[in-house]
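Accompanying notes for the structure given below.
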Amino acid sequence: MNGVRWFALLLWLAAVSMAVAHTPPKTALSPEARAFVQEMVKRHGFERRPLERAFQGTKFLDSIIRAMDAPSTALPWHEYRERQVTDARIEGGLKFWAEHAELLQRAEAEYGVPPELIVATAGIETRFGRYTGNVKVLDALTTLAFGYPRRAAFFRGELEQFLLLARETGWKLTEVQGSYAGAIGIPQFLPSSYRKYAVDFDGDGRRDLRSVADAIGSVANYYRHFGWQQGAAAIVPVDVGTSTLDTMIAAGIAPHTTVAEFRKRGIVPLELVADDATAALFGAETEAGMRYWLGLNNFYVITRYNRSINYAMVVNELATTLRQQRQRTVTSR
């Protein structure tokens, strides 16, 4: 071998050596992840090696843990509201409603859920589909399933549902993107909700929550499933006077006491509401201090989408504002 060829061979070997040296090793699976893979193989017939390779390529994201421990919904109500119910979001909601009025009308006819609630939900979740998340769902759910002990069991369930969903839809596990909590698409459904409540509303044979039509139908289906009552109010402001509130608030957000019973305890509704309606008492921190409301069935239904009272309050307020402004616009034409 002449000198030129020998030198070229040495350069090639050096390049290969450097490439190998800089190729990150596959991450060894933790015992918990290995046991999870074994369960997926046993329970659902997944192939072990492809699943192991997928998990070996995941990243543990500290930023997700930090975000889970400091959600924006934990802010005082008036601060959270100021960030969410904005002029831009109201304008965006009215535009979204105008552009998709026929789909929203059909969803209301089929599911009994008003357009303003669907629009408000899409607005709070992803600004009407503009920000659906740029975190790999597999990374997010793996981080939470095996690195967030407080809710690990819940997110292991969502990770299982994601694997099943990806297999059903033909998605590549490592390419699906969503929120830091593993939520997907315009309405930000977690995988379990995607599998249960997503619908093919545009009739193309797929349930695709990146599709506006499917997102609209799926949000309506979700709220109907949890018992949305068409035409009913969600909240009623109250005067609590000098009543002792701790026990009533501790009873939870699910409706549990009639309005008549609340009246007997000194909780006086400030708007018309039937005495036989069942409600729960809750408070929220305004700039002027705590205020209180009775949450009726429909308010509880919104909290099934997100358990935060603050979240349900902004969805309800945005929906109410959108309905009022759209009615004024239609009436003035």
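Checked against (1) of a type in the set (G, A, S); (2) surrounded by 14 or more Cβ atoms within 10 Å (Cβ to Cβ); (3) at pLDDT 95 or above, A260 meets all criteria but (2).
Of all residues in region 90-106, at least one satisfies being surrounded by fewer than 21 Cβ atoms within 10 Å (Cβ to Cβ) and of a type in the set (V, I, T). Among residues of region 216-233 that are in contact (Cβ under 8 Å) with a residue 60 or more places away in the chain, those with a beta-carbon under 6 Å from a residue that is of a type in the set (D, E, K, R) at least six positions away or on a different chain give the pairs F226/R304. The single condition among (1) surrounded by 14 or more Cβ atoms within 10 Å (Cβ to Cβ); (2) modelled with pLDDT of 95 or more that S30 does not satisfy is (2). From the list A109, A21, A120, the one residue that fits, being out of contact with any strand residue (DSSP E or B) (no Cβ under 8 Å at 6 or more places or on another chain), farther than 20 Å from Q161 by Cβ, at pLDDT below 95 and part of a helix (DSSP H, G or I), is A21. Take the residues in region 177-207 that are surrounded by fewer than 19 Cβ atoms within 10 Å (Cβ to Cβ) and assigned to a loop (DSSP other than H, G, I, E, B); name whichever of them is nearest to the chain's Cα centre (by Cα). Only one residue tops the list, namely D200.
Of all the numbered requirements in (1) within 24 Å of T321 (Cα to Cα); (2) surrounded by 15 or more Cβ atoms within 10 Å (Cβ to Cβ); (3) of a type outside the set (G, A, S), E271 misses one, and that requirement is (2).
Does G93 fit the bill of being under 20 Å from the mean Cα position of the chain (by Cα) and either of a type in the set (A, V, I, L, M, F, W, C) or at pLDDT 95 or above (or both)? In short, yes. Evaluation of W171 against the conditions (1) in a helix (DSSP H, G or I); (2) closer than 22 Å to P50 by Cβ shows that the sole unmet condition is (1).
Can you tell me how many residues in region 174-206 are more than 24 Å from P50 (Cβ to Cβ) and either in contact (Cβ under 8 Å) with a residue 40 or more places away in the chain or among the charged types (D, E, K, R) (or both)?
13
The helices (runs of 4 or more DSSP H) found entirely in region 44-101 that carry 2 or more residues being within 30 Å of S30 (Cα to Cα) are 48-56, 62-69. Among residues of region 295-309 that are under 14 Å from F189 (Cα atoms), those with a beta-carbon under 6 Å from a residue that is among the aromatic types (F, W, Y) at least six positions away or on a different chain give the pairs R304/F226.
Scan region 127-168 for residues that are assigned to a loop (DSSP other than H, G, I, E, B) and closer than 19 Å to M68 by Cβ and report the count. Residues in region 127-168 being assigned to a loop (DSSP other than H, G, I, E, B) and closer than 19 Å to M68 by Cβ: 5 in total.
The values are calculated or read from the model by the stated rules, or taken from the named source; none is laboratory data. In this text the structure is predicted, and so the values were computed from the model without any measurement. Positions of Cβ are generated from backbone atoms using ideal geometry, with glycine treated the same way; all protein chains shown enter the neighbour counts.
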